[in-house]
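Engineer: Handing you a structure now.
Values quoted throughout were computed directly from the atomic coordinates according to the rules given, and no laboratory measurement underlies them. Since the structure is predicted, the reported quantities are computational estimates derived from the model, not experimental observations. Note that we place each Cβ from the backbone using ideal geometry, even for glycine, and neighbour counts take in every protein chain shown.
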Amino acid sequence: MTVSPNQPTASAMSELDRLCANAIRVLAIDAVQQANSGHPGLPLGMADTAYVLWTRFLKHNPHDPAWPNRDRFVLSAGHGSMLLYALLHLTGYDLPLDEIKRFRQWGAHTPGHPEYHYTAGVETTTGPLGQGVGNGVGMALAERYLAARFNRPGFPLVDHYTYVLCSDGDLMEGISHEACSLAGHLKLGKLIFLYDSNNISLVGPTSLAFSEDVGKRFQAYNWQVLEADAHNMAAVAQALAEAQADTARPSLIICHSHIGYGSPKQGTHKAHGEALGVDAVKQTKENLGWPLEPAFYVPGQVYEHMQIATEVGPQRQAEWQALFDRYRAALPDMASAGIRCTPKRCQMIGVACCQVLRPTLRVLPHAPPPARRLTPWRKRYPRCSVAQPIFILPTTPI
Ligand SMILES: Cc1ncc(C[n+]2csc(CCOP(=O)(O)OP(=O)(O)O)c2C)c(N)n1
């Protein structure tokens, strides 16, 4: 069967869409409950938004999670890791239901946060809030740099988006200011943030410690700022389409969500970071119109619908591979240099530290141009900054 990639339209969402989002919610609360550990609030709150992104916009291949031109998805609010594991499971990655049931258990492929390329399909999730924001900016910068270096007319070899799901805590952190300022300055138009704005943090409302106007702040950084009701799938899709369309500015989509959506703890910090409890899980399922038993129940039509990614993804990868084959035939030297630089073989570190920066720059042919690399004072005092992405070349044979 030939499958067209899902179009990023704001078409009406169906009951099936709602069912799929609720499947994400139920897997998250059952897994956290079984582990008696974890964070149900974010997956419950951002399930609708994440579902829209993953099924209508994200370019990914569950059968080959590391293919070079995939879109990147960074879960900066890594504490919501069950959101990501549920998405991976439901869209057909190598993450069976038994692994979901073993959330946060020793040896499981659902260890929780932070995580980096341990579970197939996890790009990176963070523990220290704000770090994923820096990672995302670094990844978008890497995309820009590699595109400038290797793309040629008719050969858009490097051409993907970087999506970051971040939370209030991420944007409170100082690193988010530095990283996002740079992203705006560099006009990283393929960088899209989904900001889970739920007004709740670890111990209470964000108003206890956070009162800035985040939208105005990002406008000042020269970002496009959009807003959407996180539970209105059509609105989220519309905002994502607008974000993609603005190629001159990174985009921040402020997603107004209810933490713990559907649970009796909705809208309170009690939904943030502990199992809901048996009664509250039951009540949540009732509110969502979900069967109470068995736990971890997912209707067949949810799998059927969400696993379309296993058909669309390989198709998109095959198209890219055909492009690369033509590129290799036309530009063999560039192609072999490019292979040494592919994200599969290289690791981009968004935040470089001074101990590794200078020696690394000496040996890496693919580091950014000197003007952005070391200004005169940085030559004397190189410091930590996302301005210095580093491509670590593979030690294994290519
Ligand atoms: C740098 C850093 N400081 C503190 C923490 C501890 N911490 C984990 S989650 C959290 C609150 C996060 O609140 P928010 O980002 O609003 O997430 P939500 O409650 O909406 O899920 C905190 C303070 C951390 N992970 N990293």
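Engineer: Note the full-extension length gain between Arg328 and Asp279 as 0.36 nm times their separation in residues minus their Cα-Cα distance, in nm to one decimal.
Structural biologist: Full extension of this stretch gives 11.7 nm more.
Engineer: Then there's this: If one puts a single equal scatterer on every Cα of the range 1-159 and applies the Debye formula without solvent, what log₁₀ I(q)/I(0) results at q = 0.17 Å⁻¹?
Structural biologist: After summing over all Cα pairs, the log10 values are -1.06.
Engineer: Measure up Lys190/Lys216; Lys59/Lys190; Lys101/Lys282; Lys59/Lys282; Lys265/Lys285 against 24 Å on the Cα-Cα distance and list the ones that go over.
Structural biologist: The answer is Lys59/Lys282.
Engineer: Counting only Cα atoms, I'd like the Rg/Rh figure for the range 15-312, Kirkwood definition for Rh.
Structural biologist: Rg divided by Rh gives 0.95.
Engineer: Still on this structure: Need one word for the range 201-299: rounded, prolate or oblate. Basis is the Cα gyration tensor (sqrt eigenvalues a ≥ b ≥ c); a/c below 1.5 gives rounded, then a/b vs b/c decides.
Structural biologist: Judged from the Cα gyration tensor, the range 201-299 comes out oblate (a/c at least 1.5, b/c at or above a/b).
Engineer: Given Cα pairs under 8 Å that are at least 6 residues apart, what percent is the relative contact order of the range 44-124?
Structural biologist: Relative contact order, the range 44-124: 27 percent.
Engineer: Which net charge results for the neighbourhood of Lys59, defined as the other residues with beta-carbon distances under 9 angstrom from its beta-carbon, given Lys and Arg at +1 and Asp and Glu at -1?
Structural biologist: Once positives and negatives cancel, what remains is +1.
Engineer: Give the separation of the Cα centroids, the range 21-58 to the range 98-149, in Å.
Structural biologist: Answer, in whole Å: 16.
Engineer: Which of rounded, prolate or oblate describes the range 100-246 when judged by the alpha-carbon gyration tensor and an a/c cut-off of 1.5?
Structural biologist: Judged from the Cα gyration tensor, the range 100-246 comes out oblate (a/c at least 1.5, b/c at or above a/b).
Engineer: Okay, moving on. So how far, in whole Å, is the C-alpha centre of the range 160-216 from the one of the range 237-282?
Structural biologist: If we compute the Cα centre of each part, the gap is 13 Å.
Engineer: Something else: Students often check this: by mean Cβ neighbours within 10 Å, which of 307-319, 61-73 ranks highest, and how do the rest follow?
Structural biologist: In decreasing order of mean packing, 307-319, 61-73 become 61-73, 307-319.
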